[in-house]
Amino acid sequence: MSASVSAAVPDPIDGALIRAVQQGLPLVPRPYAVIAGGLGISETEVMARLARLIARGAIKRFGVVVRHRELGYRASAMVVWALPENRVAEIGRRIARLPFVTLSYRRLPRPPVWPYNLFTMIHGRDRTSVLDQLEQIKERLDLADTGCAVLFSARCFKQRGARYDATWHPEATNPCHPIELSDLKSASGNNLACAF
Amino acid sequence: MRKPGKALLLDDIDRRLLDDFQSGFPLAPRPFAEIAGRLGVGESEVIARIERLTAAGAVSRVGPVLRPRHVGASTLAAMAVPEDRIEEIAELVNGYREVNHNYERTHRFNLWFVLTAADEERLTEVMEEIEDRTGIEVLDLPMLEEYHIDLGFPLQWT
């Protein structure tokens, strides 16, 4: 999907434009005109280039970037599923469209120790609400009998920020969630919501 | 950033600002005026509210979420580490510049890290070296397909 993006030689003006808007638009009535002035191009060209970057997928979305933790979304779990190979894509796409799900990837399983081939990230206000979301997902997608495991993040040992000009991984977009160790113990029954 | 613990009071306009414009932000000369029209308030009020939400830490910015450029090779790796060795092994893993994300998770496979390198060979080399140095198997779980289309994050206010 992203092959065409990475293969394309980055346009230097697009690169400068991305750097200019990366930290956010100026909060003034005509923000694109301000950006345009800094780059020596027209306001119309700024908007047209942003529209193109969005259409091409180099910009995944453009808008208000919310800090979920500040709004009370403090828990997230990596939920992994062991699906028959011929169902992974269908289920992966359907899970991806559900609210509170921010990642959905097919990965190579390593049976027997690791039978899971679909990785999803589910968010919620706390661990209980994450597990509630999971129950809803299982019900809606008829996954009650599918093997899954719930992995809450406990401690973050390293997280390098996501920058356009650095090599990084999509999963780095998940915020670090340092959690008290005492909290960890109480939630360590991580398979409780799953079929195995 | 704002201190945690202080409740952020949001009204319906704030909530719609946070919810409805995470993607599809107007690409028009006066985007805040367009939003204002949709919310039934004035342009300067929209700007003031975004400033306030930013100052309060609820909004990080109004701007792009970028798709990472997949330069080179990357994978997700997992290890089942004994509790009493996790800090020592996490530190050893962090020592590699190829590791850019390293988490403890609540599972028998409790150490999860993302590796990126110029090529697959280097990824394999790092994982083998970590296995040699720790005596613990490293599961290599490369991504095969991505299904998510990022449209932002719908917030539930109740």
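The values are calculated or read from the model by the stated rules, or taken from the named source; none is laboratory data. Here the structure is a predicted model, which is why all the values come from computation and not from measurement. Neighbour counts are summed over all protein chains in view; Cβ atoms, including those assigned to glycine, are modelled from backbone coordinates with ideal geometry. The accessibility values were calculated without ligands, DNA or RNA, using every heavy atom of the protein model including side chains. Shrake-Rupley method; radii C 1.70, N 1.55, O 1.52, S 1.80 Å.
Table for the structure above
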{"read-out": "Answer residue from segment B:10-44, given it is open to solvent by 10 Å² or more (accessible area, probe 1.4 Å), out of contact with any Phe, Trp or Tyr (no Cβ under 6 Å at 6 or more places or on another chain) and in contact (Cβ under 8 Å) with a residue 24 or more places away in the chain and is nearest to the other protein chains (Cβ to nearest Cβ) among those", "value": "B:S23"}
{"read-out": "A:D142 being more than 8 Å from chain B (Cβ to nearest Cβ), part of a loop (DSSP other than H, G, I, E, B) and either open to solvent by 20 Å² or more (accessible area, probe 1.4 Å) or under 23 Å from B:E145 (Cβ atoms) (or both)", "value": "yes"}
{"read-out": "Single unsatisfied condition, A:T120 versus (1) out of contact with any Phe, Trp or Tyr (no Cβ under 8 Å at 6 or more places or on another chain); (2) in a strand (DSSP E or B)", "value": "(1)"}
{"read-out": "Condition met for B:T54 (hydroxyl-bearing (S, T, Y), open to solvent by less than 10 Å² (accessible area, probe 1.4 Å) and at pLDDT 90 or above)", "value": "no"}
{"read-out": "Candidates A:Y73, A:Y105, A:Y116 - the one that is among the hydroxyl-bearing types (S, T, Y) and under 30 Å from A:L25 (Cα atoms)", "value": "A:Y73"}
{"read-out": "Which listed residue, of A:L53, A:L118, A:L39, is more than 7 Å from every other protein chain (Cβ to nearest Cβ) and touching a Gly at 6+ places or on another chain (Cβ under 6 Å)", "value": "A:L118"}
{"read-out": "Filtered residues of segment B:74-107 (kept if among the aliphatic types (A, V, I, L, M), over 15 Å from B:L139 (Cβ atoms) and open to solvent by 10 Å² or more (accessible area, probe 1.4 Å))", "value": "B:L92"}
{"read-out": "Condition check for A:W114: free of Cβ contacts under 8 Å to residues at least 24 places away in the same chain and over 22 Å from B:D19 (Cβ atoms)", "value": "yes"}
{"read-out": "Unmet requirement for A:L27, which otherwise passes all of (1) part of a helix (DSSP H, G or I); (2) open to solvent by 40 Å² or more (accessible area, probe 1.4 Å); (3) not basic (K, R)", "value": "(1)"}
{"read-out": "Residue within segment A:92-115 that is facing another protein chain (nearest Cβ under 8 Å), closer than 15 Å to A:L143 by Cβ, open to solvent by less than 40 Å² (accessible area, probe 1.4 Å) and of a type in the set (S, T, N, Q) present", "value": "yes"}
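Here is a yes/no grid of residues against (1) farther than 29 Å from B:L27 by Cα; (2) part of a strand (DSSP E or B); (3) in contact (Cβ under 8 Å) with a residue 24 or more places away in the chain:
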{"site": "A:I54", "(1), (2), (3)": "no, no, no"}
{"site": "A:K60", "(1), (2), (3)": "no, yes, no"}
{"site": "A:V64", "(1), (2), (3)": "no, yes, no"}
{"site": "A:E70", "(1), (2), (3)": "no, no, no"}
{"site": "A:A77", "(1), (2), (3)": "yes, yes, yes"}
{"site": "A:W81", "(1), (2), (3)": "yes, yes, yes"}
{"site": "A:V88", "(1), (2), (3)": "yes, no, yes"}
{"site": "A:G92", "(1), (2), (3)": "yes, no, yes"}
{"site": "A:I95", "(1), (2), (3)": "yes, no, yes"}
